[in-house]
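Step one of this worksheet: look at the structure below.
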């Protein structure tokens, strides 16, 4: 499990770096647009579209990493008071629910991406194809499913190992 976890960690960290670079690019684009508008009273064409597409990159490439580091909101103040097996049971139920929802969402995003690709849908001003961004979102959600499955498996291992006190 350690080698698998390290591989998943490496992939999620690389995705997080993509997200950070996208944030810098988005900020640079918005600042450039504001400066250009203030200097010559003309915005950069399609800035709103580019910011929208960059936002999809930022959010999708960061979600698996946030899930991996357990950076989401949790009720740790309560759960940390439980015995290890009870915590593992909580983690297992949480992982199953999150995995089911994320898998459903992933499938829906891939269906939408295929539809975008099939119909050749593009953005309004710059005519940028939308499908690659949808596929990126789907792949990132798939990676999030992998992280959630990994945590579910770890919870099962903890439950089977136990602490001798029962749940």
* Asked: Quick one: would you say residue 109 is modelled with pLDDT of 90 or more, over 28 Å from residue 130 (Cβ atoms) and assigned to a helix (DSSP H, G or I)?
  -> no
* **Lone qualifier among 137, 97 - being farther than 21 Å from residue 57 by Cβ and either in contact with a strand residue (DSSP E or B) (Cβ under 8 Å, 6 or more places away or on another chain) or in a helix (DSSP H, G or I) (or both)** => 97
* Asked: Does residue 149 meet the test of being touching a residue at least 24 places away in the same chain (Cβ under 8 Å), over 26 Å from residue 18 (Cα atoms) and part of a helix (DSSP H, G or I)?
  -> no
* Could you list, in sequence order, the residues of the range 106-124 that are under 14 Å from the mean Cα position of the chain (by Cα) and farther than 19 Å from residue 52 by Cβ? -> 106
* Being more than 14 Å from the chain's Cα centre (by Cα) and outside any helix (DSSP H, G or I), is that true of even one residue in the range 61-74? -> yes
* Yes or no: residue 138 closer than 24 Å to residue 18 by Cα, within 18 Å of the chain's Cα centre (by Cα), surrounded by fewer than 18 Cβ atoms within 10 Å (Cβ to Cβ) and at pLDDT 95 or above? -> no
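The values are calculated or read from the model by the stated rules, or taken from the named source; none is laboratory data. Fair warning: this is a prediction, and the values are worked out from it, not measured in the lab. Please note: Cβ atoms are built from the backbone with ideal geometry, for glycine as well, and neighbour counts cover all protein chains shown.
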